[in-house]
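Notes follow once the structure below has been shown.
The values are calculated or read from the model by the stated rules, or taken from the named source; none is laboratory data. Note that this is a predicted model, so its numbers are computed, not measured. Here the Cβ is made from the backbone with ideal geometry for all residues, glycine too, and neighbour counts use every protein chain on show. Accessible surface is based on the protein model in full, side chains and every heavy atom, while ligands, DNA and RNA are left aside. Shrake-Rupley method; radii C 1.70, N 1.55, O 1.52, S 1.80 Å.
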Amino acid sequence: MWLLVAREPRANASYWTGRRWFSALDAVAWPMVWVLLVSQFDVPVGIVGPMVVAIALLFSAERIHRAVWVNHRYWFTTWRWGRIVIALMVIGLVLKFTVSA
């Protein structure tokens, strides 16, 4: 038996001065990180490299549209993944200090 539960739609993001510019920067930065990562490979990547670049550009265009024109529905990727990275770094530092002590 399947049970489907509909979630409430996510609330609109609060607006503050400079939000459009920061969200546009965030919308461009993350796909460009993927392009830079693919360009750093020393081995031949074949068709995968150009495909990653093309998909990153498509995602970037969609994200820029949402960041500039539908800003109340844009959520920052840097904030989402930054919290996870910082939490992992804190855990790593705690483990490093407990092992070395």
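Any idea how many residues of the range 18-36 are in contact (Cβ under 8 Å) with a residue 12 or more places away in the chain, under 12 Å from ALA67 (Cα atoms) and open to solvent by less than 80 Å² (accessible area, probe 1.4 Å)?
6
Pairing each residue of the range 1-14 that is under 24 Å from ASN71 (Cα atoms) and open to solvent by less than 100 Å² (accessible area, probe 1.4 Å) with any residue that is outside any loop (DSSP other than H, G, I, E, B) and at pLDDT 85 or above, provided the two are 6+ apart or on different chains, yields C-beta distances under 9 Å for ASN12/HIS72; ASN12/ARG73; ALA13/ARG19; ALA13/SER23; ALA13/ASN71; ALA13/HIS72; ALA13/ARG73; SER14/HIS72.
Would you be able to say whether some residue in the range 20-43 is over 18 Å from the mean Cα position of the chain (by Cα) and at positive phi? No, because not a single residue in the range 20-43 is over 18 Å from the mean Cα position of the chain (by Cα) and at positive phi.
The number of residues in the range 61-101 that are in contact (Cβ under 8 Å) with a residue 12 or more places away in the chain and among the β-branched types (Val, Ile, Thr) comes to 4. Against the numbered list (1) in contact with a Ser or Thr (Cβ under 9 Å, 6 or more places away or on another chain); (2) modelled with pLDDT of 90 or more, MET51 comes up short only at (1).
Of all residues in the range 55-91, those that are open to solvent by less than 100 Å² (accessible area, probe 1.4 Å) and either in a helix (DSSP H, G or I) or in contact with a His (Cβ under 9 Å, 6 or more places away or on another chain) (or both) total 23.
You will find that of VAL52, VAL94, the residue that is hydrophobic (A, V, I, L, M, F, W, C) and exposed (fewer than 13 other Cβ atoms within 10 Å of the Cβ) is VAL94 and no other.
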